[in-house]
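Okay, structure first, notes after.
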Number of protein chains: 2
Amino acid sequence: MDFKNITIIGVGLIGGSFALSLKKAGFAGTITGIGRREENLARAVSAGIIDHSTTDHAAGVRNADLVVLASSVGQFEKIARDIRSHLKRGAVVTDVGSVKAEIIKQLEPLMPPGVFFVGGHPIAGKECPGMEGAAADLFTDAQCVITPTAKTNGEAMGKVIDLWNIIGAKTVIMTPEQHDLIFAAVSHLPHVVSYALINTIIDIDKNILPHGGRGLRDLTRIALSPPDLWRDICAYNRSSILRTLRSFSSSISSMITLFEESDWPGLEKEFLRAKESRHLIETD
Amino acid sequence: MDFKNITIIGVGLIGGSFALSLKKAGFAGTITGIGRREENLARAVSAGIIDHSTTDHAAGVRNADLVVLASSVGQFEKIARDIRSHLKRGAVVTDVGSVKAEIIKQLEPLMPPGVFFVGGHPIAGKECPGMEGAAADLFTDAQCVITPTAKTNGEAMGKVIDLWNIIGAKTVIMTPEQHDLIFAAVSHLPHVVSYALINTIIDIDKNILPHGGRGLRDLTRIALSPPDLWRDICAYNRSSILRTLRSFSSSISSMITLFEESDWPGLEKEFLRAKESRHLIETD
């Protein structure tokens, strides 16, 4: 393990699970948690998730060899400004944000000389955020995308990759832009679609929704995700999500045309095309 | 129990489960299954799902007090024409189709004098159709919608309601048109959306889909449903599905506008509105 002192900013589902995973993997160093609510941090310490805690960014990162940004992406820039003058030379800063290009564009220039930023995104989560859901096996066999840029320090990146592998994740390398288009398509677009589907049904008639069964529940489970978190993800990945939303809108328009023309063989062909590709998504 | 001889046309998931539910509820009469494939029927007899079987519609319905149409909705009209001159006086014909208004319009005029049609739709199912999934508890606590028209015979309707209640379903009365709009919104629209979502992602880049995780799997599970079955449901419920598809398309357009205008508070409000209504769908 290349890091001795690790500081996690944001001890929620992902930050807490990261800490638990480190301990499970036999990490012998110290884990410091930084957060905004003292009672939350105190619970994390007494639950053995983190070793120390503080609400003071400067104090919390001073000895850190690795700083993990695990709060919501909307706070990353402010945090980086708060900690930059307190980071020690040689420290590595990484993040677990669901969007990459815009964030890396903000964070890289904020790193002081001798401090290296490495963007990352572990693909793991639940609708329920917060430390309560944290688990030592959340990242086991999960994909973790690492998104280097031309400015990324290779040694620092190697250390971050090692760490994710040690806690059981499978790292994958992509450019920030590739990452953002892919996750716009498979994650961000589906969230927007899920929220829009519920609102459509309410707008048709507010008494209809209770008739929904298992299929509708499946399609709308991710609409239970925190609206403020998803607002930030949408803001930071605006252009890729817009691209996928426009494609989806065309796809719905094509479906409408098939209905208008009563082109049932054409509609069946579209259904079949989708059904035959569904297996490409990771198995249930 | 008002019926002695019950004939089920289409011994698949729903037809097979209906037969098993009857037996579990202590039905003492005879259950005849009609289908197109002899080997399927033979398996249903040897599995104890049905008592007798035939591929001959005329022979299969001759003694029936109740005929249940449980094949795919696209076959109902042809079946009705095949059986109409062989039904006995006083027989009741019902169905389990996912669409009602168009089908009832086709079937009611085809009933001979003294034979009564009662439309029904049990809300139960799985992606995997076929007898293999049939279960005696598929309808336990499930909703079963009964859709009378001005021509429906009240006594026949009462008998059909009794039967569903005996096997554990909760009957709900609606007009065929109410039924079709409600299930267009909570079931048919979500299916079209799910198929369209997969096709959108493939069209953006065919290598993206494998990156999908649990959220996308949930949203696209119903895209595993049989395309021919859903083609028929779409054809028979064209106008209501079109209405809901157009509303959904407007909802997606509004989302696109919020992105174009970078109206993040407005977007969060839409997300929150959806999240707060999600609980109205039957609990997980």
key: Separation in nanometres of the label points that stand 7 Å from Cα toward Cβ, at A:ASP2 and B:THR140   = 5.6 nm
request  = Mind pulling the per residue volume of the convex hull built on the Cα atoms of the range B:80-149? Å³ is fine.
outcome  = 126 Å³
key: Across the identical copies, how the A:ASP263 labels are spaced - nm, sorted shortest first, 7 Å along Cα→Cβ   = 3.3
request  = Give the Cα extents of chain B along the principal axes, in whole Å, largest first.
outcome  = 67, 41, 31
message = 7 Å from Cα along Cα→Cβ at both A:SER239 and B:GLU276: what's the point-to-point distance in nm?
response = 3.5 nm
request  = List the distances, in nm to one decimal, from the label point of A:LYS4 to the label points of the same position in every other copy, shortest first, placing each label point 7 Å from Cα along the Cα-to-Cβ direction.
outcome  = 9.2
query = Helices from chain A with mean Kyte-Doolittle at least 1.0 and a Cα length along the axis of 15 Å or more, per DSSP H: which?
reply = A:189-204
request  = Among A:SER85, A:ALA235, A:ALA184, pick out the residue whose Cα is farthest towards the positive end of the charge dipole of chain A, where Lys and Arg carry +1 and Asp and Glu carry -1 on C-beta, about the Cα centre.
outcome  = A:SER85
ask   = With a ≥ b ≥ c the root eigenvalues of the C-alpha gyration tensor of the range A:178-280, is it rounded (a/c under 1.5), prolate (a/b larger than b/c) or oblate?
value = oblate
note = Relative contact order in percent for the range B:73-151 (Cα pairs under 8 Å, 6+ apart) equals 30 percent
inquiry  = Taking each residue in A:175-184, count the Cβ atoms of any other chain within 10 Å of its Cβ, then average. What number comes out?
reply    = 2
query = With charges only on Cβ, +1 for K and R and -1 for D and E, what is the dipole size of chain B about its Cα centre, in debye, rounded to 20?
reply = 660 debye
Only Lys, Arg (+1) and Asp, Glu (-1) charged, at Cβ; the range A:124-261 dipole about Cα centre in debye = 100 debye
request  = Evaluate peptide A:220-233: per residue, the Cβ atoms of other protein chains within 10 Å of its Cβ; return the mean as an integer.
outcome  = 5
query = How do the peptides A:136-149, B:194-207 rank, highest first, by the average count of neighbouring beta carbon atoms within 10 Å per residue?
reply = B:194-207, A:136-149
query = Over all residues in A:256-266, what is the mean tally of Cβ atoms on other chains that come within 10 Å of each residue's Cβ?
reply = 3
query = For the range B:5-174, which semi-axes, largest first and in whole Å, follow from the square roots of 5 times the eigenvalues of its Cα gyration tensor?
reply = 21, 19, 15
B:VAL92, A:VAL115 arranged by Cβ crowding within 10 Å, fewest neighbours leading = A:VAL115, B:VAL92
task = Indicate, rounded to the nearest 5 percent, the antiparallel portion of the DSSP beta bridges found entirely in the protein assembly as shown.
result = 10 percent
key: Label-point gap, in nm, between B:SER254 and A:GLU132 - each point 7 angstrom along Cα→Cβ   = 3.1 nm
query = On the first, second and third principal axes, largest extent first, how far apart are the outermost C-alpha atoms of the range A:21-63 in Å?
reply = 27, 23, 11
query = So for chain B, taking the charge dipole from beta-carbon charges (+1 Lys/Arg, -1 Asp/Glu), which of B:THR200, B:SER71, B:GLY60 sits furthest toward the positive end?
reply = B:GLY60
message = Quick check for me: using +1 on Lys/Arg Cβ and -1 on Asp/Glu Cβ, what's the dipole size of the protein assembly as shown about its Cα centre, in debye to the nearest 20?
response = 260 debye
task = Would you kindly work out, in nm and rounded to one decimal, the distances from the label point of B:SER239 to those of the same position in each other copy, ordered shortest first, with label points 7 Å along Cα-to-Cβ?
result = 4.7
ask   = Quick one: in the protein assembly as shown, what % of C-alpha pairs are over 39 Å apart?
value = 39 percent
Pairs of lysines in chain A (C-alpha under 22 Å apart; 8 or more residues apart or interchain) = 26
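Rule-based calculations on the coordinates, nothing more; no lab input. Just so we're clear, the structure is a prediction, and the values are computed from it rather than from any experiment. Heads up, the Cβs are rebuilt from the backbone with ideal geometry, glycines too, and the neighbour counts pull from every protein chain shown.
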